[in-house]
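Visitor: Take a look at the following structure, please.
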Amino acid sequence: IGLVIVGPNGVDSHQTTAAASKTVLLHVPVTTDGGGGFASGVSRDSFLIESDNLVRPITLFQDGPIPSSICIVLDTTKRLSLFQSTKGNIVLPSLAKGLAEFQNLTQNTEYSIISIGESPQLLLDWTKDLKAVEGAVGSVELKGRQSALYDASFTALEKLEQSANQKRVLLIIS
């Protein structure tokens, strides 16, 4: 859960110039003192925006989840032991559980998956369907021993530029 706080961009609120209409958007995650989770019910009065030693007004305040775009870069080379541990494939259930937990916090989160093999490959284009994410990860066939991690990372960053949400996450599992 995060907070969206919008305030003037270092300009006194009494000015009427074009510069006065510029705003700054801040996504502020607020956690509990114990570091165990996100705080909710935080009010506008809990925040203060200062610029040039002047307190600036908060013009918009929202408390709630912020939709995200998550691009997962998944190592699919044979050397990845997480798929072939003594406990079996531990990547799929762990990833599915983590993404489901995230989905419970924020709606309209979208996912994309890129595999790291000898060259990057788009496994799943942007979707909000967690079952499709599980299916894409579950259908992975391990092959090769070379990993194009840098190429896949650049491909993922380009993919994130095409995402619908402003909050963007790059998750690399290798």
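The values are calculated or read from the model by the stated rules, or taken from the named source; none is laboratory data. Here the structure is a predicted model, which means the values were calculated and not measured. Here Cβ is always computed from backbone atoms with ideal geometry, including for glycine, and neighbour counts include all displayed protein chains. What goes into the accessible areas is simple: the full protein's heavy atoms, side chains included, and nothing from ligands, DNA or RNA. Shrake-Rupley method; radii C 1.70, N 1.55, O 1.52, S 1.80 Å.
Visitor: Counting just the residues of the stretch 87-98 that are open to solvent by less than 30 Å² (accessible area, probe 1.4 Å) and within 18 Å of the chain's Cα centre (by Cα), which one comes out modelled with the lowest pLDDT?
Guide: Among those residues, the one meeting the criterion is A96.
Visitor: Restricting attention to the stretch 49-65, does a residue exist that is open to solvent by less than 60 Å² (accessible area, probe 1.4 Å), within 26 Å of Y111 (Cα to Cα) and either at pLDDT 80 or above or in a strand (DSSP E or B) (or both)?
Guide: yes
Visitor: Within 30 Å of G41 (Cβ to Cβ), assigned to a helix (DSSP H, G or I) and either among the acidic types (D, E) or at pLDDT below 90 (or both), is that true of E101?
Guide: Taking the combined requirement at face value, the residue satisfies it.
Visitor: Separate question: Between T155, T109, which is over 26 Å from P65 (Cβ atoms), within 18 Å of the chain's Cα centre (by Cα), surrounded by 12 or more Cβ atoms within 10 Å (Cβ to Cβ) and not small (G, A, S)?
Guide: Just one listed residue meets the conditions, T155.
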